[in-house]
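**Student:** Below is a structure I'd like to ask you about.
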Amino acid sequence: MKKATSIDIGYRRRAEAALRARESEFCLILDAIPTVAWSAQPDGFADFFNQQYLAYVGLPLEQLQGSGWTVAVHPDDRQDLAATWHLMISSGKPGEAEARLRRCDGEYRWFQFRANPMRDGSGSIIKWLGISTDIEDQKRAQAGLTAQIGGHPGVIENATQSKVAEQALDRARSELAHVARATTLNALTASIAHEINQPLSGIITNASTCLRMLHGDPPNIDGARETARRTIRDGNRASDVITRLRTLFSNKEFALEPLDLNKATREVIALSSSDLLRNRVILRSELAENLPLVIGDRVPLQQVILNLVRNASDAMLGVDDRPRQLLIRTRREADDRVRLSVQDVGTGVNPQDLEKVFEAFYTTKSSGMGIGLFVSRSIIERHHGRLWAESNNGPGAIFSFSIPCGSKARTRLV
Amino acid sequence: MDAAPGVAHCLAMEPPPGNSAAERPLLSIVDDDESVRESLPDLIRELGFAARAFSSAEEFLSSDCVDQTRCLILDVFMPGMTGPDLQRELKLRRRMIPIVFMTARRNETIRPQVLEQGAVECLFKPFSDTALLEAIKAALHAN
């Protein structure tokens, strides 16, 4: 008995010693890494900060532990960083965020915080490991370069800077793409403004003339009557512009006809096949046999399908580690509806953005105005249907619409 | 009122009460927008000037009004020859007519451009009658 206990104690001691040794080895390794590093317990309690971290912030380990580390994060960035961190802890997925971290001398510099979960054999998280990279210079170069592209030429001084500048250039390019998109929007609003300013100009000119004619001695009643009439006409003209704009976006009359959705889909596939080939997209279609006819307007429905196919193809442009597969499916649904789905293996849609993608001017693409899905949804809704997005089982997304078919559609559509 | 076919003419302005057409400076309006061509001449006459309207720069250039025009009220964006095109053309022909530009596009870059090329003013539509009168006075003064 005594012997056994002493063996137990001995074993435990050795095990504890081994664990301590591992822990201290682990800490030694983290201290040796030439970067700012830290670790946290599975629940997010920060338990270790390496020497570089402590030296940078100039605070003792005890003050940083738990959630004390947030004291050195810029107050404006604290909330976002904490939110990302909590999201990572609850999802158990690696993540990253940018925030400003206070140096011991009080200066804030931009850091990129990245953390990965470390798991045991059963897959449970035993620790979080994080590094924080100083990206202040990169941020500045990026800001400088964007300014240069904006028309302030400057000189990039040396080779080390040029690499930073190269990365910054990539970022600046994507910024420019955003500007280009905004420019498209500007062009749209400018042409709307032009269309409305013309009749407004007529209204003001005619009304001014009218007043002057009435002020004359003797007043020019006939002239005033004529210019007042023109004022009303120009007012109607401005109102017509608004009506036309609304028509452009939603009120177009639909030419309804019994429609074979499979046939309409095949035409879209034929139309986009060369684009898909060029983008190395492998298209597969599973079109249900004996699909009932829908009552709809072929052209706008095909626009919707084309839009979904193009989006799916665009979403896979960056995919190089797997075949760029695009699947179009049609099938009959239980309640006299037909469903069409377009499935890709691309970048996918964040779960919180599944509805957002349908908002006007929302886009993740570097080109395009972000109205494709917005307009598509309004077209499907005018067919008394539904258009929605889901995350794919695996990478990518599925966009589907379902519209009423046959007699049901005929009686419901006006 | 009759004119040679295809040639716009500058005669036969409605005589304003108490003033003869001959004494009034002629202002030419060039705008592709019909409602401007219809409304602006009336206002300009009310302001005490003679007015003619043309639907394009080409029509104005081929008219017999070029030499008599004391001030040109010119739209910036027009199909075919634009306002700035006409400004350059008149310079080439050494016709120094003061120009008041007008545009319905609130494009902040166009204004400094045309002013640099010697325009008197660039009005954004819609503009008030007083703003127009100020611009015309400045143009006639420049003349």
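The values are calculated or read from the model by the stated rules, or taken from the named source; none is laboratory data. Note that the coordinates shown come from a computational prediction; the quantities given were computed from them, not determined experimentally. Cβ coordinates were reconstructed from backbone atoms using ideal geometry, including for glycine residues, and neighbour counts include every protein chain displayed.
**Student:** Pull up the stretch A:190-232, narrow it to residues that are more than 8 Å from chain B (Cβ to nearest Cβ) and touching a Ser or Thr at 6+ places or on another chain (Cβ under 7 Å), then point me to the one that is nearest to B:Leu47 (Cα to Cα).
**Tutor:** If we take residues in the stretch A:190-232 being more than 8 Å from chain B (Cβ to nearest Cβ) and touching a Ser or Thr at 6+ places or on another chain (Cβ under 7 Å), then A:Cys210 is nearest to B:Leu47 (Cα to Cα).
**Student:** Select, from B:Ser62, B:Ser55, B:Ser35, B:Ser39, the only residue that is hydroxyl-bearing (Ser, Thr, Tyr) and within 12 Å of the chain's Cα centre (by Cα). Show your work before the answer.
**Tutor:** Details: B:Ser62 fails: within 12 Å of the chain's Cα centre (by Cα); B:Ser35 fails: within 12 Å of the chain's Cα centre (by Cα); B:Ser39 fails: within 12 Å of the chain's Cα centre (by Cα).
Going through B:Ser62, B:Ser55, B:Ser35, B:Ser39 in turn, just one is hydroxyl-bearing (Ser, Thr, Tyr) and within 12 Å of the chain's Cα centre (by Cα): B:Ser55.
One line per residue, one yes/no per condition, for (1) at pLDDT 85 or above; (2) within 22 Å of A:Asn350 (Cα to Cα); (3) touching a Leu at 6+ places or on another chain (Cβ under 6 Å); (4) not assigned by TED's automatic domain parsing to the domain that holds A:Phe45:
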{"position": "A:Glu98", "(1), (2), (3), (4)": "yes, yes, no, no"}
{"position": "A:Leu101", "(1), (2), (3), (4)": "yes, no, no, no"}
{"position": "A:Cys104", "(1), (2), (3), (4)": "yes, no, no, no"}
{"position": "A:Ala115", "(1), (2), (3), (4)": "yes, yes, no, no"}
{"position": "A:Met118", "(1), (2), (3), (4)": "yes, no, yes, no"}
{"position": "A:Gly123", "(1), (2), (3), (4)": "no, no, no, no"}
{"position": "A:Lys127", "(1), (2), (3), (4)": "yes, no, no, no"}
{"position": "A:Gln138", "(1), (2), (3), (4)": "no, no, no, no"}
{"position": "A:Ala143", "(1), (2), (3), (4)": "no, no, no, no"}
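**Student:** So is A:Gly235 at the interface with chain B (Cβ under 10 Å from one of its Cβ atoms), out of contact with any strand residue (DSSP E or B) (no Cβ under 8 Å at 6 or more places or on another chain) and not acidic (Asp, Glu) or not?
**Tutor:** no
**Student:** Return the residues of the stretch B:68-81 that are assigned to a loop (DSSP other than H, G, I, E, B) and either under 13 Å from the mean Cα position of the chain (by Cα) or within 14 Å of another protein chain (Cβ to nearest Cβ) (or both); say none if nothing qualifies. So that I can check it myself, show each step before the final result.
**Tutor:** Going through the stretch B:68-81, the residues assigned to a loop (DSSP other than H, G, I, E, B) turn out to be B:68, B:76-81.
Matches in the stretch B:68-81: B:Gln68, B:Val76, B:Phe77, B:Met78, B:Pro79.
**Student:** Tell me, please, whether a residue that is under 30 Å from A:Pro351 (Cα atoms), over 29 Å from the mean Cα position of the chain (by Cα) and among the small types (Gly, Ala, Ser) can be found in the stretch A:68-77.
**Tutor:** No, that holds for no residue.
**Student:** On to the next question. Confirm whether A:Gly346 is surrounded by 17 or more Cβ atoms within 10 Å (Cβ to Cβ), assigned to a loop (DSSP other than H, G, I, E, B) and not β-branched (Val, Ile, Thr). Break it down into steps so the answer makes sense when it comes.
**Tutor:** Details: surrounded by 17 or more Cβ atoms within 10 Å (Cβ to Cβ): yes; assigned to a loop (DSSP other than H, G, I, E, B): yes; not β-branched (Val, Ile, Thr): yes.
Taking the combined requirement at face value, the residue satisfies it.
**Student:** Now for a different question. Please specify each residue of the stretch B:107-143 satisfying the condition of being among the acidic types (Asp, Glu) and within 14 Å of chain A (Cβ to nearest Cβ). Quick ask: steps written out before the conclusion?
**Tutor:** Of the residues in the stretch B:107-143, the ones among the acidic types (Asp, Glu) are B:108, B:116, B:121, B:129, B:134.
Across the stretch B:107-143, the qualifying residues are B:Glu108, B:Asp129, B:Glu134.
**Student:** Could you grab me the full set of residues in the stretch B:91-143 that are basic (Lys, Arg) and not in a loop (DSSP other than H, G, I, E, B)?
**Tutor:** Taking the stretch B:91-143 and keeping what is basic (Lys, Arg), we get B:91, B:93-95, B:105-106, B:111, B:125, B:137.
The answer is B:Lys91, B:Arg111, B:Lys137.
**Student:** List, please: which pairs have Cβ atoms under 9 Å, are six or more places apart or on different chains, and start with a residue in the stretch B:89-105 that is within 14 Å of chain A (Cβ to nearest Cβ) and end with one that is among the basic types (Lys, Arg)?
**Tutor:** B:Phe101/B:Arg111; B:Met102/B:Lys125; B:Thr103/B:Arg111; B:Thr103/B:Lys125; B:Ala104/B:Lys125; B:Arg105/B:Lys125
**Student:** Right, here's the next one. In this structure, does A:Leu326 turn out to be within 19 Å of A:Glu381 (Cβ to Cβ) and surrounded by 19 or more Cβ atoms within 10 Å (Cβ to Cβ)? I'd like the intermediate steps shown before the answer.
**Tutor:** Numbers: within 19 Å of A:Glu381 (Cβ to Cβ): no; surrounded by 19 or more Cβ atoms within 10 Å (Cβ to Cβ): yes.
Considered against the rule, which asks whether it is within 19 Å of A:Glu381 (Cβ to Cβ) and surrounded by 19 or more Cβ atoms within 10 Å (Cβ to Cβ), A:Leu326 comes out as no.
Residues are listed down the side, and each one gets a yes or a no for (1) over 20 Å from B:Asp32 (Cβ atoms); (2) of a type outside the set (D, E, K, R):
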residue: B:Arg95; (1), (2): yes, no
residue: B:Ile99; (1), (2): no, yes
residue: B:Arg106; (1), (2): no, no
residue: B:Glu116; (1), (2): yes, no
residue: B:Cys122; (1), (2): no, yes
residue: B:Ala131; (1), (2): yes, yes
residue: B:Ala138; (1), (2): yes, yes
residue: B:His141; (1), (2): yes, yes
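**Student:** Still on this structure, I have one more. Are there any pairs with C-beta distances below 6 angstrom linking a residue in the stretch B:34-50 that is more than 7 Å from chain A (Cβ to nearest Cβ) and under 21 Å from A:Asp217 (Cα atoms) to a residue that is part of a helix (DSSP H, G or I) and at pLDDT 95 or above, with the two at least 6 apart or on different chains, and if so which?
**Tutor:** B:Leu47/B:Leu133
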